[in-house]
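The values are calculated or read from the model by the stated rules, or taken from the named source; none is laboratory data. It should be emphasised that the depicted structure is a prediction, and the values quoted were computed from it without experimental measurement. So basically every Cβ, Gly included, is an ideal-geometry build from the backbone, and we count neighbours across all protein chains shown. Ligands, DNA and RNA are stripped out before the accessible areas are found, and what is left, the full protein with its side chains, is counted by its heavy atoms. Shrake-Rupley method; radii C 1.70, N 1.55, O 1.52, S 1.80 Å.
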Amino acid sequence: MKKFLSILSLIAVLSACVGRNSEQEQPIRYLSRSLTDTTFVGYHCLADYSPEDLHSAVAVIGDFDCCRELTSVFIAADFFDNINGCANPDELHDFAGEVIAPVFDLANAPYKGFIVAGNQDALRETAVAMAVASLGKKAYSNMYEASMGAVKSGSKVLVIASPYLCAYGYEDICGLFHTAPPVISAVDRMFLSALDGLEGDSAVLLSPREDIEAGIYRKVWNRLSAEYEGLKDYREFALRDEGLRESFLSLLDTCLVQNRSLKRLMYVPSDELDYDGFVELLEEIRNSPGIEMEKYRSVLDPDFRFVDANREAVKATYRMLRERNLFTHRIAYPEIQAFVTVPANGIPLESNDFGGRIAQQFKYNHSADASVEVFRTIALSRLYMPEKEYNLVEKLSEPVLLNVYRLTGEKY
């Protein structure tokens, strides 16, 4: 009887997701098969999905760099008072006792290749396949296993880290759920935080040129503007090769020439764009004497602030867990349970290192009809990730002490 009701529920979800997608982007086949096809691997992943399981994980999906950057914010987050939920740090981990489960997508990234090949549907399929694998409580233990024999935590929230997946996977992933999808898009949260109630066009997105040219941010904004009436527009500014400092000062020079003020600067964190770097630069501009910095101060609105996509996604996740009463309430440091994507057995490879690298000609041009298992999501081990990246993930697993400077007098 329980299985019968589950099937009925999945069919209802399918009907809902068809209505949620636009006419231009009909539901992809991987989504529909995961919801209704009992012979499909995605169906079996979803069969034991439990949306109210407090001990399920917060899943983070995307390419390696985006997942690592966002996961690092989760494990050190202290934006809220954990007693009353107010936006006031209390020197306690916001996600104490929670499991953060990043899925480092080595098999399919970099995602721009899908855009260049005009195969956006395959990118959408990639996003849904990672989401489905995250939701279930079973997993493959290696790339050759015939059936899912490993047990893992399910997921109570899915957080999309990569801007490419935010643009080409968010709606499809939401289609997995009948109502109130537990899905957070980092780029969506960035736009909504920066543009809600903003006057004029005083918000700018700073991003690598290739991502701007791929149109991923404009695609997300177009979707949001259709949903949120009156959402203000924004401008895009390409990151310069010289890095954060020169890019920001160049942007301020442009604002001076155009006689514009700057009220919000949005960005998705990376090695070049990091929150601490922005804070230090802003402090220099506001406190340094001289005419040069004075002219830059004249451009910055009194209410100017940086809007970091990852910090906004983490805050939105906290609010969602609190509103739905999904916190574990365990007394422990946030825990990392990392996963990695690897090519499925039989997929054409261009390298056999670390589980193999999918041949680009196949990766970016395969048909998105869910007829072939392209990759698998498995528990992270040294076998499936280069040493440099693996060590970075291992560092994420170390407990993070909050406010170390106050406690020890030494900067962290």
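Tabulated values for the structure
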quantity	calculated
Top positive-direction residue, dipole computed over the chain with Cβ charges, set Tyr111, Ile184, Pro269	Ile184
Normalised contact order of segment 137-207, rounded percent, pairs of Cα under 8 Å and 6 or more residues apart	23 percent
FRET efficiency, Met293 to Asp201 (Cβ-Cβ, R0 25 Å, nearest 0.05)	0.55
Ordering of 177-186, 272-281 by burial proxy (mean other Cβ atoms within 10 Å per residue, highest first)	177-186, 272-281
Protein accessible area in the chain, 1.4 Å probe - carbon and sulfur %	50 percent
Accessible surface, the chain, averaged per residue in Å² (probe 1.4 Å)	46 Å²
Highest average packing first - 386-395, 102-111, Cβ atoms within 10 Å	102-111, 386-395
Net charge contributed by nearby residues that have their C-beta within less than 15 Å of Val374 (K/R +1, D/E -1)	0
Extended-chain gain in nm, criterion 0.36 nm per residue less alpha-carbon gap, Asp53 and Thr39	2.5 nm
About the Cα centre, charge dipole magnitude for segment 271-376 (Lys/Arg +1, Asp/Glu -1 at Cβ), debye	620 debye
Chain lengthening between Ser147 and Tyr228 when straightened (0.36 nm per residue, less Cα-Cα)	24.8 nm
More than 28 Å apart - percent of Cα-Cα pairs taken over the chain	49 percent
Acute angle (nearest 10 degrees) that the helix 216-227 long axis makes with the longest principal axis of the chain, alpha-carbon atoms	90 degrees
Net length gained if the chain between Glu280 and Arg209 were fully extended (0.36 nm per residue, minus Cα distance)	23.2 nm
Cα centroid of segment 116-175 to Cα centroid of segment 200-269, whole Å	29 Å
Label-point gap, in nm, between Glu246 and Glu398 - each point 7 angstrom along Cα→Cβ	3.2 nm
Label-reachable residues, segment 85-121, where backbone N falls under 18 Å from a point 7 Å from His329's Cα toward its Cβ	85-86, 93-99
Packing-based ranking, highest mean first, of 66-74, 30-38 given that Cβ atoms within 10 Å are counted	66-74, 30-38
Part-to-part distance (alpha-carbon centres) for segment 357-383 and segment 33-62, which is given in Å	19 Å
Relative contact order computed over the chain (Cα-Cα under 8 Å; 6+ residues apart), in percent	22 percent
For segment 135-216, the fraction of alpha-carbon pairs in successive 5 Å shells from zero, as %	3, 11, 15, 16, 16, 15, 9, 7, 3, 2, 1, 0
Neighbourhood charge, 14 Å Cβ-Cβ cut-off, centred on Thr341 and excluding it, Lys, Arg +1 and Asp, Glu -1	-2
Where the Cα pairs of segment 223-279 fall when distances are cut into 5 Å bins, in %	4, 15, 24, 21, 15, 13, 8, 1
Rough spin-label spacing in nm, given labels placed 7 Å along Cα→Cβ, for Leu349 and Arg305	4.8 nm
Stokes-Einstein diffusion coefficient of segment 190-292, Kirkwood radius over Cα pairs, 4 °C, 1.567 mPa s, in µm²/s	88 µm²/s
